[in-house]
Every structure is written in structure tokens, then in C-alpha cells.
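The values are calculated or read from the model by the stated rules, or taken from the named source; none is laboratory data. Note that the structure is a prediction, hence the values are computed from the model and not measured. Quick reminder, even Gly has a Cβ in these numbers, built from the backbone with ideal geometry, and neighbours come from all protein chains shown. The accessibility values were calculated without ligands, DNA or RNA, using every heavy atom of the protein model including side chains. Shrake-Rupley method; radii C 1.70, N 1.55, O 1.52, S 1.80 Å.
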Amino acid sequence: MKIIQGGILTAGTSLQNHTGSWRNYRPVYLQKTCIDCKMCATICPEGCVFRISEKKFNFDPNYCKGCGMCAEECPVDDIEMVIEEK
Ligand code: SF4
Ligand code: SF4
């Protein structure tokens, strides 16, 4: 995505920005003690956490930048951050 100074991007171009390429750590959604509070999906700055089914969440690796906010805020420590294997 080329941005020209002063340029205006068309709608939806953030989908082309695969922020997952920035990642040094990745979350692991353990899906063991989840209480379905949805905090991970709410707090994720990339909006890339999704609900699979009751008490099961995961993330889209194309957009997860590994910030760790979901793991930090999970009230039951059901998300771990691990080093990304590249
Ligand atoms: S690590 Fe950050 S970007 Fe990735 S899913 Fe968690 S909150 Fe979202
Ligand atoms: S923050 Fe933790 S407990 Fe809440 S929905 Fe996400 S994984 Fe489940």
C-alpha cells in the first residue's frame, strides 16, 4: 500500500495492511478456563479476535501484531504469549 503525502485512501484499505507481519510474539488461546467475557475481542486493537463457539476464542494471524493486550486483560489467564517462530 503506497501512501502519497496528503493522499486520501479509499475505504477498506486497512484490510491490505497485514499487521501480523510485525509480530514477534503470538497469543495462544488455551480454551480451558475461558468464561466467555469477550474482553479479548473487545480490547484487541486490531479487532482480529473472534468467537468460535461458547468459551472458545481465537485470533486472525494475518492481523494480530502480538501486542499481548488480550493476554494481559484476560481475567482467567486463558491466553498465553509465546515467541513467534519465523
Ligand atoms: S496480541 Fe494484540 S493484536 Fe494479537 S490478538 Fe491479542 S490483542 Fe489482538
Ligand atoms: S478474555 Fe479470556 S475469559 Fe474472556 S473471552 Fe477472552 S479468553 Fe475468554
Is the stretch 58-80 home to any residue that is among the polar types (S, T, N, Q), in contact with a Gly (Cβ under 6 Å, 6 or more places away or on another chain) and under 28 Å from residue 12 (Cβ atoms)?
yes
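With the requirement that a residue be surrounded by 14 or more Cβ atoms within 10 Å (Cβ to Cβ) and under 13 Å from residue 41 (Cα atoms), what does the stretch 64-77 give you? It would help to see each step written out before you state the result.
In the first step, residues of the stretch 64-77 are kept if they are surrounded by 14 or more Cβ atoms within 10 Å (Cβ to Cβ); the result is 64-71, 73-74.
Correct list: 64, 68, 69, 70, 71, 73, 74.
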Could you please let me know if residue 85 is acidic (Asp, Glu), more than 15 Å from ligand 2 (Cβ to nearest atom), open to solvent by 50 Å² or more (accessible area, probe 1.4 Å) and over 14 Å from the mean Cα position of the chain (by Cα)?
yes
